[in-house]
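First comes the structure, then the notes that go with it.
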Amino acid sequence: MRIVMYHADSRGRWNELCDSAADATDGHLWQWREIIATSYGFTSFYLVAEEPNGSPIAALPLVKIRSRLYGTELASMPYIDYGGICHHDSLTTKERERCDRSLFNYALQLGKAVRAKRLHVRNLELADPRFEVSTEKVTQHLGLATSVQDQFKRLPAERRNRIRRSERMGLTHELHPADDERIFDEFCDIYSANMSDLGSPTHSREFFRQTTSRFRDRISFIVIRHRGAAVAAAIAFEFRGMLSLPWSGATLDARPVYGSNALYWSAISLAIERGCHTFDFGRSSIGSGIFEFKRQWGPAARQTYWSTYYYRAGAKAPRQRRELQMATVLWRRVPLALARAVGPTLRKGISN
């Protein structure tokens, strides 16, 4: 077995491996390499374990994130929930372990070569004993009924009541294709305002433009309106029978009319109508308000393992630095126009 690095001309071989890997996630899709390079200018290193005959059997996508605040990081994968290593289905447990060890050995050496401060991997399984592991984040998966009506009956009574209230208050939902320019603008405006309220910089419009363009067959926009005005919006992303909302937002006007409830119910309904078996609520921190909101829909929590190797002894995760925690508080006070202008420059350096 050898470890090689795949470049642009290897896209087809990468996709063939991921298609044959049951543990591949949406984070292993090749398009992320193109999206991140085009929108933020960051270099990717797509590592592959190959048999002596050249057959790919395991893969680890990595992106080099440069940040003045956080320092250089190799991440798998930045900005989204999942990454890590995927394996050809034919591998035995021992063969997978051998591939993992070789790929991580190569990745650790690569991190030294590019002078990274850390190597960060977002996995659904424990990655490597040399990494520090955080179990703060979980994802929540909701198994779906075969009809919207049956799914509604399965919801906790409190959720059903809120959905009914949103309907009585006149909320409507719309579904739009990924190339709808007017809806694209509405989504970006709502999302950036929502992130500002949360104290976090937003992704650039170019990042979202590249994402919707390169995943147009997987993406739809969902918009919730009240009296004609958009109060909530999301990007719905489909992968292997699972639908998720990787980016969503709601205005302050959405709160009294249960706009977020209407948004998520619309997304769950869409997933069922498209024949999906699972709705992925995405990552959140256990005990947080977002976690509790998602938990109340009745999903099953699945542990995620955010594993980090620090190249300097005693180093801490960036989020643990006090000055960066204070920056979140201060960011909420930045005027929205300035946050939209400056935010993407900061956001691209934050792998979360």
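The values are calculated or read from the model by the stated rules, or taken from the named source; none is laboratory data. Please read these numbers as outputs of a predicted model, since none were measured by experiment. For neighbour counting, all protein chains shown are included, and Cβ atoms are generated from backbone atoms with ideal geometry for every residue, glycine included. For accessibility, only protein heavy atoms count, side chains too; no ligands or nucleic acids. Shrake-Rupley method; radii C 1.70, N 1.55, O 1.52, S 1.80 Å.
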Tell me, please, whether a residue that is touching a strand residue (DSSP E or B) at 6+ places or on another chain (Cβ under 7 Å), over 26 Å from Gly282 (Cβ atoms) and outside any helix (DSSP H, G or I) can be found in the range 22-45. yes
One residue from Gly314, Gly275 being exposed (fewer than 12 other Cβ atoms within 10 Å of the Cβ), at pLDDT 95 or above and either touching a helix residue (DSSP H, G or I) at 6+ places or on another chain (Cβ under 9 Å) or not hydroxyl-bearing (Ser, Thr, Tyr) (or both): Gly275
Conditions first: (1) farther than 18 Å from Met5 by Cβ; (2) surrounded by fewer than 18 Cβ atoms within 10 Å (Cβ to Cβ). Pro52 passes all but one, so which condition is the exception? (1)
Which residues, counting only those in the range 146-156, are part of a loop (DSSP other than H, G, I, E, B) and open to solvent by 10 Å² or more (accessible area, probe 1.4 Å)? Thr146, Ser147, Pro156
Give me the pairs: first residue in the range 89-103 and over 15 Å from Leu47 (Cα atoms), second residue at pLDDT below 95 and surrounded by 13 or more Cβ atoms within 10 Å (Cβ to Cβ), beta-carbon distance under 6 Å, and six or more apart or on different chains, which are they? Asp89/Ser20
Is there a residue being open to solvent by 30 Å² or more (accessible area, probe 1.4 Å) and in contact with an Asp or Glu (Cβ under 7 Å, 6 or more places away or on another chain) anywhere in the range 242-259? yes
What's the total number of residues in the range 237-282 that are touching a Cys at 6+ places or on another chain (Cβ under 8 Å) and either within 26 Å of Asn352 (Cβ to Cβ) or of a type in the set (Asp, Glu) (or both)? 3
Report whether or not Arg319 is open to solvent by 60 Å² or more (accessible area, probe 1.4 Å) and at pLDDT below 90. yes
Please enumerate the residues belonging to the range 231-241 that are open to solvent by 40 Å² or more (accessible area, probe 1.4 Å) and assigned to a strand (DSSP E or B). Glu238
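For (1) open to solvent by less than 30 Å² (accessible area, probe 1.4 Å); (2) of a type in the set (Phe, Trp, Tyr); (3) under 20 Å from the mean Cα position of the chain (by Cα), each residue gets a yes or a no:
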position	(1), (2), (3)
Asp128	yes, no, no
Glu136	no, no, yes
Arg162	no, no, no
Met169	no, no, no
Glu181	no, no, no
Of the residues Thr43, Thr38, Thr72, only one is without any contact (Cβ under 8 Å) to a residue 40 or more places away in the chain and of a type in the set (Val, Ile, Thr); which? Thr43
Scanning the range 70-117 for residues that are small (Gly, Ala, Ser) and in a helix (DSSP H, G or I), which turns out surrounded by the fewest Cβ atoms within 10 Å (Cβ to Cβ)? Ala113
Which of (1) of a type outside the set (Val, Ile, Thr); (2) surrounded by fewer than 22 Cβ atoms within 10 Å (Cβ to Cβ); (3) in contact (Cβ under 8 Å) with a residue 12 or more places away in the chain; (4) within 24 Å of Ser266 (Cα to Cα) is the odd one out, the single condition Gly228 does not satisfy? (3)
In this structure, does Ala232 turn out to be under 21 Å from Arg347 (Cα atoms) and among the aliphatic types (A, V, I, L, M)? no
Taking the range 183-225 only, how many residues are in a helix (DSSP H, G or I) and open to solvent by less than 40 Å² (accessible area, probe 1.4 Å)? 16
Select from the range 192-236 the residues that are under 12 Å from Ala250 (Cβ atoms) and under 16 Å from the mean Cα position of the chain (by Cα) and write down the one among them that is modelled with the highest pLDDT. Ala234
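The rows are residues; the columns are (1) touching a Lys or Arg at 6+ places or on another chain (Cβ under 6 Å); (2) within 30 Å of Glu273 (Cβ to Cβ); (3) among the polar types (S, T, N, Q).
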position: Ser90; (1), (2), (3): no, no, yes
position: Glu95; (1), (2), (3): no, no, no
position: Leu108; (1), (2), (3): no, no, no
position: Ala113; (1), (2), (3): no, no, no
position: Val121; (1), (2), (3): no, no, no
position: Leu126; (1), (2), (3): no, no, no
position: Glu132; (1), (2), (3): no, no, no
position: Val148; (1), (2), (3): no, yes, no
